[in-house]
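Written below as structure tokens is the structure these notes are about.
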Amino acid sequence: MFKIAGHTMGTPEYTVCEAIELMKKIGADGIEIVVQDDYRSGIPCDCDQETLEKVKECAEKMGIRIVALTPYNSYFNSLDEEKRQEEMAAIRKGVDYCEFLGASYVRIYGGNLSAGDTYKLEERWDMLVRSLREMGDYAKEKNVTLVVENHFNTMAVSAKKSAELMKAVDHPAVAILYDQANLTFTENEDYQTAIATQQKYVAYMHVKDLVFVEGKSFVSSNVARPNEDERNVKTRIVGEGVVPWPEILSKVKEQGYDGWLSLEYERRWHPDDIPDASIGMKKSLEYLKSIME
């Protein structure tokens, strides 16, 4: 049976400990925590031991599993060696946090590749493969898996590219984070094709929902999120948009997946689209549970 986590992207009004308490209240099994400076519902990139201990104690008290950490580094394909090493050092630090907190996954971007960028693609691909192997070696020592998200403006923008990347990396501690909503609004694979193409490499899943804005095509100027004037979709409570979650969950279960579903409730980026997590994430979780039942 799938386990459900809430993502602190969805809880910008809450501290991490308050978000953990909310997960307990709404019936989640776990939590995915942002790693980024100056975000109320995240832990800082250079997190001190006292903060880590407080978060761990809160999770243990609430009976909530800290499942994954989500940093925002992306230049693993950089040809600037100093920059590449700096980005990998940040991920290794995140892996150390995972080891202490008992988390199993670190969310990874598949490099940084703006739309239309064709500069030395082969060399940057090779550098990304090299980086993922090097970071994977460190993660494996700590019993942590790096999960590369299907994500725009990266070298893992589609299920096809993500699967190709996994074949090239070929590392036991590097896997795919399946995000069908991202594949949908970037006009990549439908769920049937995505699952057939990449599911054997999937170790973790994000769940969110959306509706399209009529007359707009996908574009984004950065990796983390499209600017407000670029958006071709509006985010929605899961079950109230166009992503066919009953069919997706049935299909991945057929393929043997019974891991975590992380509710990447995007209130941090789009607070006008969806209500507070105590309302919308709760409704999303209840919808997922109704599917599983």
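Sort through Leu177, Leu165 and tell me the only one that's closer than 24 Å to Leu128 by Cα, in contact with a His (Cβ under 8 Å, 6 or more places away or on another chain) and surrounded by 21 or more Cβ atoms within 10 Å (Cβ to Cβ).
Details: Leu165 fails: in contact with a His (Cβ under 8 Å, 6 or more places away or on another chain).
Exactly one of Leu177, Leu165 is closer than 24 Å to Leu128 by Cα, in contact with a His (Cβ under 8 Å, 6 or more places away or on another chain) and surrounded by 21 or more Cβ atoms within 10 Å (Cβ to Cβ), namely Leu177.
Can you tell me which residues in region 144-170 are free of Cβ contacts under 8 Å to residues at least 40 places away in the same chain and within 15 Å of Ile195 (Cα to Cα)?
Looking only at region 144-170, we keep the residues that are free of Cβ contacts under 8 Å to residues at least 40 places away in the same chain, and these are 158-160, 163-164, 166-167, 170.
Scanning region 144-170 gives Ser158, Ala159, Lys160, Ala163, Glu164, Met166.
Tell me which residues, restricted to region 104-126, are farther than 9 Å from Asn77 by Cα and either surrounded by 20 or more Cβ atoms within 10 Å (Cβ to Cβ) or within 17 Å of the chain's Cα centre (by Cα) (or both).
Residues satisfying the conditions are Ser104, Tyr105, Val106, Arg107, Ile108, Tyr109.
Kindly provide the set of residues from region 119-139 that are without any contact (Cβ under 8 Å) to a residue 40 or more places away in the chain and over 22 Å from Gly94 (Cβ atoms), ordered by number. Step through it out loud before you land on a result.
If we filter region 119-139 for residues that are without any contact (Cβ under 8 Å) to a residue 40 or more places away in the chain, which is where we start, we get 119, 121-122, 126, 130, 136-137.
Once the filter is applied, which keeps residues that are without any contact (Cβ under 8 Å) to a residue 40 or more places away in the chain and over 22 Å from Gly94 (Cβ atoms), region 119-139 yields Tyr119, Leu121, Glu122, Asp126.
Can you find even one residue in region 204-212 that is among the aromatic types (Phe, Trp, Tyr) and out of contact with any Pro (no Cβ under 9 Å at 6 or more places or on another chain)?
Here is the first cut: in region 204-212, the residues among the aromatic types (Phe, Trp, Tyr) are 204, 212.
Still in the running and out of contact with any Pro (no Cβ under 9 Å at 6 or more places or on another chain): 204, 212.
Yes, some residue in region 204-212 is among the aromatic types (Phe, Trp, Tyr) and out of contact with any Pro (no Cβ under 9 Å at 6 or more places or on another chain).
Have a look at Ser220, Ser158 and point out the one that is in contact with a Pro (Cβ under 6 Å, 6 or more places away or on another chain) and within 23 Å of Leu121 (Cβ to Cβ). I'd like the intermediate steps shown before the answer.
Values: Ser158 fails: in contact with a Pro (Cβ under 6 Å, 6 or more places away or on another chain).
On inspection, the qualifying residue turns out to be Ser220.
Name the residues in region 198-221 that are among the aromatic types (Phe, Trp, Tyr) and in contact with a helix residue (DSSP H, G or I) (Cβ under 9 Å, 6 or more places away or on another chain), would you? Even if it seems obvious, please write down each step before you answer.
The initial filter retains those residues of region 198-221 that are among the aromatic types (Phe, Trp, Tyr), namely 201, 204, 212, 218.
Once the filter is applied, which keeps residues that are among the aromatic types (Phe, Trp, Tyr) and in contact with a helix residue (DSSP H, G or I) (Cβ under 9 Å, 6 or more places away or on another chain), region 198-221 yields Tyr201, Phe212, Phe218.
For region 17-63, name all the residues that are farther than 21 Å from Val147 by Cα and of a type in the set (Val, Ile, Thr).
Ile20, Ile26, Thr51, Val55
Could you name every one of the strands (runs of 3 or more DSSP E) located completely within region 180-293 that has at least 3 residues being without any contact (Cβ under 8 Å) to a residue 40 or more places away in the chain and either of a type in the set (Lys, Arg) or under 21 Å from Pro12 (Cα atoms) (or both)?
Because the criterion is at least 3 residues that are without any contact (Cβ under 8 Å) to a residue 40 or more places away in the chain and either of a type in the set (Lys, Arg) or under 21 Å from Pro12 (Cα atoms) (or both), the strands (runs of 3 or more DSSP E) in region 180-293 that meet it are 233-236.
Looking only at region 22-32, filter to residues that are touching a helix residue (DSSP H, G or I) at 6+ places or on another chain (Cβ under 6 Å) and free of Cβ contacts under 8 Å to residues at least 60 places away in the same chain; which one of those is farthest from Glu87 (Cα to Cα)?
Filtering first and then ranking leaves Lys24.
If I go through region 33-65 residue by residue, how many of them are crowded, with 19+ Cβ neighbours inside 10 Å, out of contact with any strand residue (DSSP E or B) (no Cβ under 6 Å at 6 or more places or on another chain) and hydrophobic (A, V, I, L, M, F, W, C)?
3
So which pairs qualify, if the first residue must be in region 85-97 and among the β-branched types (Val, Ile, Thr) and modelled with pLDDT of 95 or more, the second must be part of a helix (DSSP H, G or I) and surrounded by 15 or more Cβ atoms within 10 Å (Cβ to Cβ), the Cβ gap must be under 9 Å, and the two must be at least 6 apart or on different chains?
Matching pairs, first to second residue: Ile91/Phe76; Ile91/Ser131; Ile91/Met135; Ile91/Tyr138; Ile91/Ala139; Val95/Met135; Val95/Tyr138; Val95/Ala139.
The values are calculated or read from the model by the stated rules, or taken from the named source; none is laboratory data. Just so it is clear, the model here is predicted, and its values are computed rather than measured. As a convention, Cβ positions derive from the backbone with ideal geometry for all residues, glycine included, and neighbour counts pool all protein chains shown.
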